[in-house]
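Novice: Take this structure first; my questions come after.
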Amino acid sequence: MRILIATEKPFAPEAVKQIGEIIENAGHQLLLLEKYTDKKDLLNAVSNADAMIVRSDIVDKEVLDAAPNLKIVVRAGAGYDNIDTQTATGNGVCVMNTPGQNSNAVAEIVFGMLLNLARCGFDGTMGSELKGKKLGLHAFGNIGKLVANIANGFGMEVFAFSPSLARNPEKGKEFNVTAVQTPEELYEKSDIVSLHMPKNQHTLQTVNYNLLSKLPHNGMVINTARKEVVNEADLTRIMEERPKFKYATDIRLSVHDEAAEKFGARYLASSKKCGAQTAEANINAGLAAANQIVKFFADGDETFRVNPK
Ligand code: 3PG
């Protein structure tokens with residue numbers, strides 16, 4: 001089988017090397033398309049691929065329809081909102097992700113961004129400490145749980161909301177986390193909120209004025225999830241109304257230039273999406289993707305399938 005790695009933002013070279021070994025040892029052939037800037041290159045590359053490994057690369061109907069031999073796409077990462085799962089199902093293509101494999105990198109960057117915000121961009125002006133602050137985790141999956149552990153180390157008090165945690169609040173105790181019943185309650189109880197929900201029809205634009213206004217006037221929000229889960233007009237309004245409110249993200253707002261100019265160090269955004277951009281995360285997620293594809297072709301294993309058949 002021909003297995004294509006198509007990554008606009010490439011994996012670390014060591015990850016590519018090890019993915020290649022897994023694929024070739026299983027008798028398959030590796031195709032590599034990195035740093036492409038033109039969608040045409042992707043359409044060309046998928047035309048003879050049987051399988052594909054991607055990151056945040058857009059795998060839409062045009063890409064799927066250009067790949068007549070494609071049987072499986074693995075998103076080396078957690079969120080698969082970049083893949084048109086409905087068309088994939090229609091085309092008989094299995095879609096998988098690699099849950100948990102890059103979570104630690106994201107959990108760590110949350111604290112990098114949080115410290116930067118709390119210490120005013122390290123500009124020497126008076127900042128605040130994390131110890132004793134109330135941290136709200138909006139969603140409590142693999143990343144949320146790791147963030148909770150690190151937050152406990154900082155001496156923060158941790159709260160979390162997710163629909164499943166609200167149904168089973170006892171689960172929070174394992175992580176020294178207090179489960180709350182609604183997003184409203186989470187924002188009311190927290191000084192700082194970190195977002196960890198996937199992007200889907202239930203989460204789009206849900207971090208809105210109603211929720212944000214429940215945080216204190218000097219509240220902080222860290223978004224390493226997806227920019228679309230935040231209502232940007234409402235965020236802008238809160239930051240205009242509250243001169244001490246801060247927001248950090250590794251996915252720039254659509255209104256990035258305007259926000260950067262208006263809010264200065266209160267708005268921190270990396271130039272490129274980088275939460276999972278560590279060699280370790282690339283190796284973990286990339287190798288998991290390669291192994292999942294090998295097992296899929298060897299014995300039909302679909303353990304990490306995310307789209308209906
Ligand atoms: C994920 O969903 O796994 C993260 O957002 C990482 O995305 P990336 O592979 O584009 O860095």
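Novice: Where the accessible area of the chain is counted over protein heavy atoms with a 1.4 Å probe, how much of it, in %, is carbon and sulfur?
Specialist: Roughly 50 percent of what the probe reaches on the chain is carbon or sulfur.
Novice: State the extension gain, in nm to one decimal, for the chain segment bounded by residue 86 and residue 167, taking 0.36 nm per residue of separation less the distance between their alpha-carbons.
Specialist: Gain on stretching residue 86 to residue 167: 26.2 nm.
Novice: About the Cα centre, and with charges only on the beta carbon of Lys, Arg (+1) and Asp, Glu (-1), how big is the dipole of segment 206-266? Nearest 20 debye, please.
Specialist: 260 debye
Novice: About its Cα centre, what dipole magnitude does the chain give when the only charges are +1 on Lys and Arg Cβ and -1 on Asp and Glu Cβ, stated in debye to the nearest 20?
Specialist: With Lys and Arg at +1 and Asp and Glu at -1, about 500 debye.
Novice: Then there's this: Mind grabbing the base-10 log of I(q)/I(0) for the chain at q = 0.07, 0.09, 0.12, 0.13 Å⁻¹? Debye formula, identical points on the C-alpha positions, no solvent, two decimal places.
Specialist: -0.30, -0.49, -0.83, -0.94
Novice: Treat each spin label as a single point 7 Å out from the Cα along the C-beta direction, and report the residue 65 to residue 43 distance in nm.
Specialist: About 1.0 nm, to one decimal.
Novice: Rg/Rh for segment 24-91 to two decimals, with Rh computed the Kirkwood way over all alpha-carbon pairs.
Specialist: Result for segment 24-91 is an Rg/Rh of 0.94.
Novice: Could you work out the relative contact order of the chain, using alpha carbon pairs under 8 angstrom and six or more residues apart, expressed as a whole percent?
Specialist: Relative contact order comes out at 19 percent.
Novice: Ok, one more. Determine by what factor the alpha-carbon radius of gyration of segment 139-253 differs from 2.2 N^0.38 Å, reporting the quotient.
Specialist: Scaled against compact globular proteins, the figure is 1.01.
Novice: If you don't mind, there's one more thing I want to ask. Counting DSSP beta bridges in segment 14-139, what percent are antiparallel, to the nearest 5?
Specialist: Percent antiparallel among DSSP bridges in segment 14-139 is about 0.
Novice: Once segment 22-142 is represented by equal point scatterers at the alpha-carbon sites, with solvent omitted, what log10 I(q)/I(0) does the Debye formula produce at q = 0.09, 0.10, 0.11 Å⁻¹?
Specialist: -0.41, -0.48, -0.56
Novice: Principal axes first, then extents: for the Cα atoms of segment 53-103, list largest minus smallest coordinate on each axis, whole Å, largest first.
Specialist: Largest to smallest, the principal-axis extents are 32, 16, 16 Å.
Novice: Where does the charge balance sit around residue 306 when Lys and Arg score +1, Asp and Glu -1, over other residues with C-beta under 13 Å from its C-beta?
Specialist: So the surrounding residues net to 0.
Novice: For segment 78-144, what's the radius of gyration and Dmax over Cα atoms, in angstrom?
Specialist: 18.3, 57
Novice: Across 10 Å bins from 0, what is the distribution of all Cα-Cα pair distances for segment 202-309, in whole percents?
Specialist: For segment 202-309, the pair-distance distribution reads 13, 34, 22, 18, 11, 2.
The values are calculated or read from the model by the stated rules, or taken from the named source; none is laboratory data. No experiment lies behind these values; they were computed from the predicted model shown. Don't worry about glycine lacking a Cβ; one is built from the backbone with ideal geometry, like all the others, and counts go over all protein chains shown. With ligands, DNA and RNA removed, areas are computed over all heavy atoms of the protein, side chains included. Shrake-Rupley method; radii C 1.70, N 1.55, O 1.52, S 1.80 Å.
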